[in-house]
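Take a look at the structure set out below.
The values are calculated or read from the model by the stated rules, or taken from the named source; none is laboratory data. What you see is a predicted model, and the numbers here were worked out from it, not measured in a lab. Cβ sites come from the backbone with ideal geometry, for glycine too, and all protein chains shown count toward neighbours.
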Amino acid sequence: MSVDATKLVIPGHGTVFHAPVNTKPPTGPLDPSTGFNLQADGPTPWENLGHTSKQNTIAFTKEGGEKESLDTFLADGVRTTTGSTTWGVTVAALQFDEDTLDLAFNGDFDSTTGGYTVATPAPIQRALFLFFQDTTGSVGFWIPNTEVSLGDAPSVDTAQFLELPLSVSILSASNAAIPAIGGRAGVFQIFKSGLVAPTP
C-alpha cells in the first residue's frame with residue numbers, strides 16, 4: 001500500500017440513479033463522457049433522482065454481522081462464526097415528481113383528480129447507482145438489486161425543503177449481475193476514479 005492523497009474523496013455533491021433490477025452500469029461509470037453526470041439522466045435506462053437533502057445526506061445502513069465464538073466441551077474458542085449482514089441505504093429525496101413518488105409509494109395518478117394515489121405499502125424493485133463527486137475525483141456504488149419504499153413519514157420543517165425519506169433494502173445480486181466470490185453472493189460494487197483492477 002502506498003500513501004496517495006488522490007485516493008481520498010470528499011463527497012461534496014451527489015445523487016442517485018435508478019434503473020430496472022440487474023441493470024449494469026455503463027462502461028466507465030465515473031467518466032462524464034461515457035457514464036454518469038450529476039446534472040443529467042444516465043445512459044438509458046438510468047434515470048437521475050435529482051435533488052436530495054444535503055442536511056440528511058444519503059447514508060448506508062448495516063445490521064448484523066456479529067462474530068460469535070463457539071466452544072466445545074473440550075476447549076473454548078474453537079471456531080468463530082459470523083452472523084448474516086443486512087445492508088440498506090436511506091435517501092432523503094426532495095423532488096416531488098413521478099419518479100420520486102413511485103419509489104416512495106409505488107402508487108399511481110388518478111386521471112379524474114390529477115392527484116397521486118398512495119395505497120397500502122408495496123416496495124418497488126430497482127437497481128441503484130449512488131454517485132458522489134468532489135473537485136478531485138468521484139466514487140460510485142452500483143447496487144443491482146434493491147427494494148425501495150418510504151421510510152419514516154415526512155415531517156415539516158419551515159426552514160428546510162420538504163423531504164420524502166426513501167428506505168432502500170439491499171438484496172443479494174444475481175450471479176449474472178455480480179459473480180459470487182468463494183460461494184458468497186455479491187451485494188454491490190464500488191467504483192473510484194483512478195481505481196483499476198490489478199493485473200492478473
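Observations, loosely collected:
- Condition met for Leu74 (more than 19 Å from Ser149 (Cα to Cα), in a loop (DSSP other than H, G, I, E, B) and touching a Ser or Thr at 6+ places or on another chain (Cβ under 8 Å)): no
- Pairs, first in a loop (DSSP other than H, G, I, E, B) in region 157-175, second surrounded by 17 or more Cβ atoms within 10 Å (Cβ to Cβ) and aromatic (Phe, Trp, Tyr), C-beta under 8 Å, six or more apart: Ala173/Phe188
- Candidate set from region 15-51 (those that are under 21 Å from Asp97 (Cα atoms), within 15 Å of the chain's Cα centre (by Cα) and of a type in the set (S, T, N, Q)); member that is surrounded by the most Cβ atoms within 10 Å (Cβ to Cβ): Thr15
- Single residue of region 123-133 satisfying the filter (more than 13 Å from the chain's Cα centre (by Cα) and at pLDDT 95 or above) that is farthest from Gly35 (Cα to Cα): Pro123
- Test: residue in region 41-49 that is at pLDDT 95 or above, in contact with a strand residue (DSSP E or B) (Cβ under 9 Å, 6 or more places away or on another chain), among the acidic types (Asp, Glu) and closer than 20 Å to Ile170 by Cα: yes
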